[in-house]
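See structure below.
The values are calculated or read from the model by the stated rules, or taken from the named source; none is laboratory data. Being a predicted model, the structure only gives us computed values, none of them experimental. Note that each Cβ is placed from the backbone with ideal geometry, even for glycine, and that neighbours are counted across all protein chains shown.
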Amino acid sequence: MQMNPNKDTQLCMSLSARPGNFGLRFHNHLYEQLGLNFYYKAFASQDLTGAVAGIRALRIRGCGVSMPFKEACIALVDELDASAAAIQSINTIVNTDGHLKAYNTDYIAVAQLLEKHQVPKDSTFALRGSGGMAKAVASALRDGGYENGVIVARNERAGQALAQSLGYEWQAELGSRRPQMLVNVTPIGMTGGPEAEQLAFEPEVIEKAETVFDVVAIPSETPLIVRARAEGKRVITGLEVIAIQALEQFVLYTGVRPTDEQFQKAVAFARS
């Protein structure tokens, strides 16, 4: 990847507890292919307030926000897009002359993928998780017409709040339910995490499901997705989510929408 930055190059970044290389490679590939004077870098930080202050002070054009910062960032920006305000979770910050506006492109990605994979709207589902990403996914399910669902979360306060806000049930554990769609929105199965080798749902639950959706993107094939593929389930992966949400971030940062061919080439490059 050949980059020729200069004093006018606009910087974009991502902020995550465990940064990966997908976003960096995806964005920089498109910048180069489209002749845009931008550069993208992934960062890890425990100082969220300082990081967001740096975005403002250094005129960094855009920032992707990952777990665990999607909710905590809200108090540090100046404005929320309508969908981000409704969800109360963000994953994208756009800096326009020091004014920080936040968006949620995870929501857009999930909505598109449910449609793309033709998941029946009458599917019963269980969503495991209660954090910022879970809010985006559950909101996309609700707005997409998926009415029969349960939020499974060990954090009773957060789980009940999420379920009640969207008209779903909450349970600490799935119990005897056997939903048609399983959605993992926790770090279970994530590379480098304490539960990297574990399944987000029990084998007998996976066996009865028709669709398995895991938002974890590292690795690209989590234990849950590997198991679901082996059993012939319809699968939606975290890699698909990050690709679409990254595309929408790219458009917000640059004002340019790549062609589908350019998008697919950038995804292939980022995965290589």
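Tabulated data
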{"quantity": "Pairs with Cβ under 7 Å, 6+ apart, first in segment 221-241 and in contact (Cβ under 8 Å) with a residue 60 or more places away in the chain and under 12 Å from residue 209 (Cα atoms), second in a loop (DSSP other than H, G, I, E, B) and of a type outside the set (A, V, I, L, M, F, W, C)", "calculated": "234/117; 234/210"}
{"quantity": "Residue list for segment 86-115, restricted to those being over 26 Å from residue 163 (Cβ atoms) and free of Cβ contacts under 8 Å to residues at least 40 places away in the same chain", "calculated": "96, 97, 99, 101"}
{"quantity": "Residue ID - farthest from residue 88 (Cα to Cα), chosen from residues in segment 143-199 that are of a type in the set (Val, Ile, Thr) and surrounded by fewer than 22 Cβ atoms within 10 Å (Cβ to Cβ)", "calculated": "191"}
{"quantity": "Any hit, segment 185-201, residues being in the same structural domain as residue 117 (by TED's automatic domain parsing) and either part of a helix (DSSP H, G or I) or among the aromatic types (Phe, Trp, Tyr) (or both)", "calculated": "yes"}
{"quantity": "Output for segment 88-107, where each listed residue is of a type in the set (A, V, I, L, M) and under 13 Å from the mean Cα position of the chain (by Cα)", "calculated": "90"}
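Residues checked against (1) surrounded by 21 or more Cβ atoms within 10 Å (Cβ to Cβ); (2) in the same structural domain as residue 253 (by TED's automatic domain parsing); (3) closer than 15 Å to residue 250 by Cβ:
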| site | (1), (2), (3) |
| --- | --- |
| 30 | yes, yes, yes |
| 33 | no, yes, yes |
| 39 | no, yes, yes |
| 48 | no, yes, no |
| 51 | no, yes, no |
| 54 | no, yes, no |
| 64 | yes, yes, yes |
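Yes/no per residue for (1) among the polar types (S, T, N, Q); (2) free of Cβ contacts under 8 Å to residues at least 40 places away in the same chain; (3) farther than 13 Å from residue 266 by Cβ:
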position	(1), (2), (3)
6	yes, yes, yes
10	yes, no, yes
15	no, no, yes
20	no, no, yes
26	no, no, no
29	no, no, no
